[in-house]
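Input: a single structure, listed below in structure tokens.
The values are calculated or read from the model by the stated rules, or taken from the named source; none is laboratory data. Fair warning: this is a prediction, and the values are worked out from it, not measured in the lab. Using ideal geometry, Cβ is built from the backbone for each residue, glycine included, and neighbour counts are taken over all protein chains shown. Heavy atoms of the whole protein, side chains included, go into the accessibility calculation; ligands, DNA and RNA do not. Shrake-Rupley method; radii C 1.70, N 1.55, O 1.52, S 1.80 Å.
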Amino acid sequence: MRKVRTLGLLGTGVIGGGWAARALHFGIDVLAADLKPEMEDWIRGAVANAEAALARLTLAPLPPKGKLSFTTDLHAMARQADFIQENIPEQLELKQRVLADVSRYAPPDVVIASSTSGLMPSDLQQGMVAPERFLVAHPFNPVYLLPLVELVGGRQTAAAALHAAARFFTYIGMHPLRVRREVPGHLTDRLQEALWREILHMVNEDVATTGELDDSIVYGPGLRWAGMGTNLIYHLAGGETGMRHMLRQFGPALKWPWTKLEAPELTEELIDKMVAGTQAQAAGRSIRELERLRDDYLVAIQQVLREYNIGAGATLRSLEERLYEESAAAARERIRSAAGPETAARAGEPLRLLETSVRPEWVDYNGHMTDSRYLQVFGDATDALFRYAGVDEAYRRSGRALYTVETHVSHKAEARALEPLYVTTRVLEVGDQHVRLAHALHRRRDDALVAGAEQVYVHVSTPTGKAAPMDAAVRARLAQLEVS
Ligand SMILES: NC(=O)c1ccc[n+]([C@@H]2O[C@H](COP(=O)([O-])OP(=O)(O)OC[C@H]3O[C@@H](n4cnc5c(N)ncnc54)[C@H](O)[C@@H]3O)[C@@H](O)[C@H]2O)c1
């Protein structure tokens, strides 16, 4: 299976738009195809709308954004894409026909995945050319913020296709969940459907309003679910003996009529109640307004969960680790050539360590990059340098780290939103327990100096929190770059 540089989208509605925003953000080009030409405006709008929240998800250095193109020629898309994600309406025959058609134009090493919420991959892949490269990859709305994607293979799906898809989705910051066996509705929608059926029953029988039922989740189980699922939560509910005790204590309730699960008849009266209930909950707010609110708290929750390395926060953490590592890898090559023996005379020359640009949300009320972001970009350049010297995640886990103890920043010119920038760094001094660096932040378009910074870092033993000598190899690598 090939490396994915261009993601082809088949159908560019709500889900296609979400895939586009996520892929572009993490540096993948997107070729979006839809039968309706007016969907071009829609998908561009959807991507722009997603950007506000997506840009705040992680501050790690990102690759340059991908490029978005649009076509109504599905065959042209199939010929050019390295990976195709289908997101057309949930109708078996339509999907079968379109997938079979597109599979005739996509080279056989191009994975084709369907976003279907509940159709079975074996049914979808029937008429395709090279059906072994087909699988279901079921995402969740908003695709650009929720990391979960369920991967389901059909009878003819090759393990290599599932593997390649998992690798690609991880690359764009997702958590691929391999579903062992195809079942209608996959895993998540079966669970959601059970809750949904009970909701419809309770509204139908006037037991509760839509708002009260939402409160029954939001103020309780919903808070738990972001970090732990029902099974682990119930294990905790059993006290010291966990799940065994829990099943003994609450087991009898399974025989009581707590749930119905059979869906009620969708009468006009029930539909009216559901609509009136949710309209009351929306309290005059538009869908766009509510989406922004949802996106903002989804970003905030993932950042909190990152601290605890749990659920979506663990996915975010490993994504960031890779982004820092990739940015450092590019810098490493440049440092190596500057530190080589034949160029020893160049030691002390500024090393170009970081390429970045001013993200729109970094800008203050004067329209310029705000103060705290200077520290962040200098910090990212330092990170690249220290990783080169061997101070990486493993080094930090071994109880050693470099802490900032002093920073002086001087501002020389302005940097506005989206301005491309780069940072150069010189190693001014290396001791047993400290490093002194000088950074310079430049505008890429005219190389003008935007700001300079001098920073001192102390090497510490993290368990004691006290200064301690750094690893000899780390020190030697930094010393090679020291200004003579
Ligand atoms: N909306 C959700 O929350 C959600 C979540 C996960 C998965 N899904 C699944 O994603 C798929 C798409 O759902 P959606 O909500 O984005 O639907 P949507 O109606 O918003 O978008 C469907 C798009 O497909 C286009 N289309 C229709 N026929 C086409 C064809 N023959 N060729 C190319 N384009 C065509 C339409 O013009 C439209 O733009 C469905 O299978 C759905 O089950 C939806």
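Points worth noting:
- Leu148 vs. criteria within 15 Å of the ligand (Cβ to nearest atom), at pLDDT 95 or above and under 25 Å from Leu54 (Cα atoms): yes
- Residue in region 274-281 that is over 30 Å from Gly27 (Cβ atoms) and open to solvent by 80 Å² or more (accessible area, probe 1.4 Å) present: yes
- Count of residues meeting criterion [within 19 Å of Gly11 (Cβ to Cβ), in contact with a Gly (Cβ under 8 Å, 6 or more places away or on another chain) and either open to solvent by 20 Å² or more (accessible area, probe 1.4 Å) or more than 13 Å from the ligand (Cβ to nearest atom) (or both)] in region 130-142: 3
- Scope region 1-48; condition more than 10 Å from the ligand (Cβ to nearest atom), among the charged types (D, E, K, R) and out of contact with any Ser or Thr (no Cβ under 7 Å at 6 or more places or on another chain); matching residues: Arg2, Lys3, Arg5, Arg22, Glu40, Asp41, Arg44
- Leu68 vs. criteria within 25 Å of the chain's Cα centre (by Cα) and within 16 Å of the ligand (Cβ to nearest atom): yes
- For region 193-225, the tally of residues that are of a type in the set (Asp, Glu) and closer than 15 Å to Thr267 by Cα stands at 2.
- Positions within region 81-119 being surrounded by fewer than 16 Cβ atoms within 10 Å (Cβ to Cβ) and polar (S, T, N, Q), in sequence order: Gln91
- Only strands (runs of 3 or more DSSP E) whose full extent lies in region 372-484 are considered here, and the ones with at least 2 residues that are in contact with a helix residue (DSSP H, G or I) (Cβ under 8 Å, 6 or more places away or on another chain) and surrounded by 21 or more Cβ atoms within 10 Å (Cβ to Cβ) are 420-430, 434-443, 449-461.
- The residue that is nearest to Gly211 (Cα to Cα), among those in region 255-292 that are of a type in the set (A, V, I, L, M) and not in a helix (DSSP H, G or I), is Ala283.
- Failed item in (1) surrounded by 14 or more Cβ atoms within 10 Å (Cβ to Cβ); (2) closer than 25 Å to Leu54 by Cα; (3) of a type outside the set (Lys, Arg), with Val179 passing the rest: (2)
- Across region 1-14, the number of residues qualifying as hydrophobic (A, V, I, L, M, F, W, C) and crowded, with 23+ Cβ neighbours inside 10 Å comes to 3.
- Boolean, Gly127 is within 14 Å of the ligand (Cβ to nearest atom), over 30 Å from Ser357 (Cα atoms) and part of a loop (DSSP other than H, G, I, E, B): no
Conditions tested, residue by residue: (1) closer than 24 Å to Val377 by Cα; (2) open to solvent by 20 Å² or more (accessible area, probe 1.4 Å); (3) touching a residue at least 12 places away in the same chain (Cβ under 8 Å); (4) among the hydroxyl-bearing types (Ser, Thr, Tyr).
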position	(1), (2), (3), (4)
Phe26	yes, no, yes, no
Val30	no, no, yes, no
Glu38	no, yes, no, no
Ile43	no, no, yes, no
Ala48	no, yes, no, no
Leu57	yes, no, yes, no
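- Region 299-310 residues that are more than 20 Å from Glu51 (Cα to Cα), paired with ones that are open to solvent by 70 Å² or more (accessible area, probe 1.4 Å) and assigned to a helix (DSSP H, G or I) (beta carbon under 7 Å, 6 or more apart): Arg306/Arg317; Asn309/Arg317
- Check on Gly173, within 16 Å of the ligand (Cβ to nearest atom) and either surrounded by fewer than 18 Cβ atoms within 10 Å (Cβ to Cβ) or outside any helix (DSSP H, G or I) (or both): no
- Subset of region 97-118 [away from the ligand (no atom under 11 Å from the Cβ) and either part of a loop (DSSP other than H, G, I, E, B) or not hydrophobic (A, V, I, L, M, F, W, C) (or both)]: Ser103, Arg104, Tyr105, Ala106, Pro107, Pro108, Asp109, Val110
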